[in-house]
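Peer 1: The structure follows.
The values are calculated or read from the model by the stated rules, or taken from the named source; none is laboratory data. Please read all numbers here as calculations on a predicted model, not as lab measurements. Here the Cβ positions follow ideal geometry from the backbone for every residue, glycine too, while neighbour counts run over all protein chains shown.
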Amino acid sequence: MVDRLRLQIELLAHNYRIGAIGAASDGFAKLIDDLIHFLQAAPAGVDPAQLLPWIQQGLAAQQRADFLELADILQFEVSPRLLPAPR
């Protein structure tokens, strides 16, 4: 599931950066649903508390129509936190 989520994020970030806002916004809604399911059964080493502030910032960026910031948050903050922390 992590690989699929990370692929979704890469595609969304790309679409936001090229201005395909409609496609990206539809995908963002699905991503949020998928992240909720992922966080409900987070694998060992993944701390949902580390993701929630970034998801909230992403939602705020979307509401402001700051799609470049949203792309950066998804790609550089949310995606890396889907992987278990190194031991």
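Peer 1: Taking residue 35, is it at pLDDT below 95, in contact with a helix residue (DSSP H, G or I) (Cβ under 8 Å, 6 or more places away or on another chain), among the hydrophobic types (A, V, I, L, M, F, W, C) and within 16 Å of residue 6 (Cα to Cα)? Walk me through it before giving the result.
Peer 2: On the way: at pLDDT below 95: yes; in contact with a helix residue (DSSP H, G or I) (Cβ under 8 Å, 6 or more places away or on another chain): yes; among the hydrophobic types (A, V, I, L, M, F, W, C): yes; within 16 Å of residue 6 (Cα to Cα): yes.
So residue 35 passes the test.
Peer 1: So, one more: Out of all the residues in the stretch 1-50, which are touching a residue at least 60 places away in the same chain (Cβ under 8 Å), under 16 Å from residue 73 (Cα atoms) and not charged (D, E, K, R)? Steps first, answer last, please.
Peer 2: First, pick out the residues of the stretch 1-50 that are touching a residue at least 60 places away in the same chain (Cβ under 8 Å): 2, 5-6, 9-10, 12-13.
Remaining after also requiring under 16 Å from residue 73 (Cα atoms): 5-6, 9-10, 12-13.
Hits for the stretch 1-50 are 5, 9, 12, 13.
Here's the yes/no breakdown for (1) within 18 Å of residue 69 (Cβ to Cβ); (2) of a type outside the set (D, E, K, R); (3) surrounded by 15 or more Cβ atoms within 10 Å (Cβ to Cβ):
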residue	(1), (2), (3)
5	no, yes, yes
25	yes, yes, yes
43	no, yes, no
47	no, no, no
54	yes, yes, yes
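Peer 1: Give just the number: which of (1) loosely packed, with under 13 Cβ neighbours inside 10 Å; (2) among the aliphatic types (A, V, I, L, M); (3) assigned to a helix (DSSP H, G or I) does residue 70 not satisfy?
Peer 2: The failed condition is (1).
Peer 1: When you look at residue 79, is it in contact (Cβ under 8 Å) with a residue 24 or more places away in the chain, over 12 Å from residue 8 (Cβ atoms) and surrounded by 14 or more Cβ atoms within 10 Å (Cβ to Cβ), yes or no? Break it down stepwise before answering.
Peer 2: Details: in contact (Cβ under 8 Å) with a residue 24 or more places away in the chain: yes; over 12 Å from residue 8 (Cβ atoms): no; surrounded by 14 or more Cβ atoms within 10 Å (Cβ to Cβ): yes.
So residue 79 fails the test.
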